[in-house]
Amino acid sequence: MKGVVPWLVVDPADVPVEPIRRFLSDFLARDNSPGSVRSYAYGLLRWWRWLQAVEVEWDQATSAETRDLVLWLGQAAKIRQSERTESAETAGTVNPITRKQYLDDHYKPRTVRHSNAVVRSFYEFWIDLGEGPLVNPVPRGRGRDRRPNQHHNPLEPFRSEGRIRYNPKVPKRRPREMPEDRWKDLFAALRSNRDRAIVSAAVSSGARAAELLGVRSADLGWGDQLIRVVRKGTQAEQWLPASPEAFVWLRLYLAELGRPLEPGEPVWQTLRRRDRGNGLARQPMNYEALRAVFRRINALLGTNWSMHDLRHTAAIRMSRDERLSMRDVQAILGHAHLSTTADIYLVEDEAEVIRRVHQHLAHRESQPPAPAPAAVGYDDQDLAVLFGGGLR
């Protein structure tokens, strides 16, 4: 089983922790992706270390341990494998060009909420088996129904099952659109046709980075200018339209490879050849290599753009096009619910809002002051006849 589950939590003796191993095996068997298994393994590793620190056995944990972990995560700094060098001065600050905040060394509310969800799922598995604690140590908030939507009105939408008691609130974030001039600067800073091709495909199709990196040679529809991706959540295949410019750069990049790709061969490959035991050859491009491309660009431009900003940019451009409906945008982005697309991308352009407010303030400044009212005992009409107009 150790070779089946791609990620495991091991003890100091390099032996897999049995309760976590059994949970991850079941989690993988429920058709979850290896990336999700990795995410859950790291969340349970944090929980296991916390239980060791407070000297509590895993099957004796209570809501007090969950509460204390949430409090600790709220004020603790992340343990880094290496110290910050160039990013030490910018950590936690806002980039003046992109207006995006740099990451700092503290745990974000989304990380805490994910940790609670992972631990709750782990104990639900053991409670269902009858081998864990009787009560889940990650409880839901008080005052909620024991069965979700048990008194649901069919005329009203379904509500969520209930918020986990110790989940911190997550501030709503605006989508990060890249202005046209900033997009031109970023594109001009790219050094290879491969990078130009994958960036052009991302900003025109709205695909996620992982979805684009998984594209094979057979997934390119040259005649219709389509790219087939495997969706992150559903694992469903979907053809996405890309711009003619993206296919031009893609053709130039593939010509540089010097040979035609096999149908099942990854499209995106490293520019340098490496020897992995079979001689020098190009390797499939992974997410770290793509991040390295953006690190070089950001160092050159003084920005902190990411690949996901291109997805936001594509989504906002499409949502503001009157020829496309929100259903069209939802289908391209791969959202399960239309409300997700509308809530995120039906927003006003911040720069346009600021421009209109400046016009409003300038208009108020240019207006003449209102005439002062006449003193007691005088008639406004008589004064208007006498002075040839209204009072000033």
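Couple of notes before you dig in:
- Condition check for ALA13: free of Cβ contacts under 8 Å to residues at least 12 places away in the same chain and small (Gly, Ala, Ser): yes
- Annotation: of all residues in region 46-86 being of a type in the set (Asp, Glu) and in a helix (DSSP H, G or I), the one that is nearest to LEU103 (Cα to Cα) is GLU86.
- In region 121-139, the residues that are closer than 16 Å to LEU44 by Cα reach residues that are small (Gly, Ala, Ser) and surrounded by 11 or more Cβ atoms within 10 Å (Cβ to Cβ) with C-beta atoms within less than 6 angstrom, at least six apart or across chains, in these pairs: TYR123/GLY132; TRP126/GLY132; PRO137/ALA61; PRO137/SER63.
- Of all the listed residues (LEU28, LEU44), the sole one being at pLDDT below 95 and surrounded by 15 or more Cβ atoms within 10 Å (Cβ to Cβ) is LEU28.
- Exclusive hit being in contact with an Asp or Glu (Cβ under 9 Å, 6 or more places away or on another chain) and of a type in the set (D, E, K, R), set ARG320, ARG295, ARG291, ARG274: ARG320
- Which numbered condition THR340 misses (of (1) modelled with pLDDT under 90; (2) assigned by TED's automatic domain parsing to the domain that holds LEU186; (3) assigned to a loop (DSSP other than H, G, I, E, B)): (3)
- Any hit, region 89-109, residues being hydroxyl-bearing (Ser, Thr, Tyr), more than 29 Å from GLY233 (Cβ to Cβ) and assigned to a loop (DSSP other than H, G, I, E, B): yes
- Any hit, region 52-71, residues being of a type in the set (Ser, Thr, Tyr), under 25 Å from TRP7 (Cβ atoms) and out of contact with any helix residue (DSSP H, G or I) (no Cβ under 8 Å at 6 or more places or on another chain): no
- In region 293-306, the residues that are on the phi > 0 side of the Ramachandran plot never reach a residue that is modelled with pLDDT of 95 or more with C-beta atoms less than 7 angstrom apart, at least six apart or across chains.
- Subset tally (residues that are in a loop (DSSP other than H, G, I, E, B), at pLDDT below 75 and surrounded by 10 or more Cβ atoms within 10 Å (Cβ to Cβ)) for region 350-388: 2
- Only listed residue being under 25 Å from THR340 (Cβ atoms), out of contact with any Asp or Glu (no Cβ under 6 Å at 6 or more places or on another chain) and assigned by TED's automatic domain parsing to the domain that holds SER306, chosen from LEU252, LEU226, LEU280: LEU226
- Boolean, LEU8 is in contact with a Pro (Cβ under 8 Å, 6 or more places away or on another chain) and surrounded by 15 or more Cβ atoms within 10 Å (Cβ to Cβ): yes
- Scanning region 192-226 for residues that are touching a residue at least 60 places away in the same chain (Cβ under 8 Å), part of a loop (DSSP other than H, G, I, E, B) and among the charged types (D, E, K, R) returns a single hit, ARG208.
Let's see how each residue does on (1) among the aromatic types (Phe, Trp, Tyr); (2) assigned to a strand (DSSP E or B); (3) in contact (Cβ under 8 Å) with a residue 40 or more places away in the chain:
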{"position": "ARG228", "(1), (2), (3)": "no, yes, no"}
{"position": "GLY233", "(1), (2), (3)": "no, no, yes"}
{"position": "ALA246", "(1), (2), (3)": "no, no, yes"}
{"position": "ARG251", "(1), (2), (3)": "no, no, no"}
{"position": "LEU254", "(1), (2), (3)": "no, no, no"}
{"position": "PRO263", "(1), (2), (3)": "no, no, yes"}
{"position": "THR270", "(1), (2), (3)": "no, yes, no"}
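- Among the residues of region 81-104, just one is among the acidic types (Asp, Glu) and surrounded by 14 or more Cβ atoms within 10 Å (Cβ to Cβ), namely ASP104.
The values are calculated or read from the model by the stated rules, or taken from the named source; none is laboratory data. As the structure is a computational prediction, the values presented were derived from the model and not from experiment. As a convention, Cβ positions derive from the backbone with ideal geometry for all residues, glycine included, and neighbour counts pool all protein chains shown.
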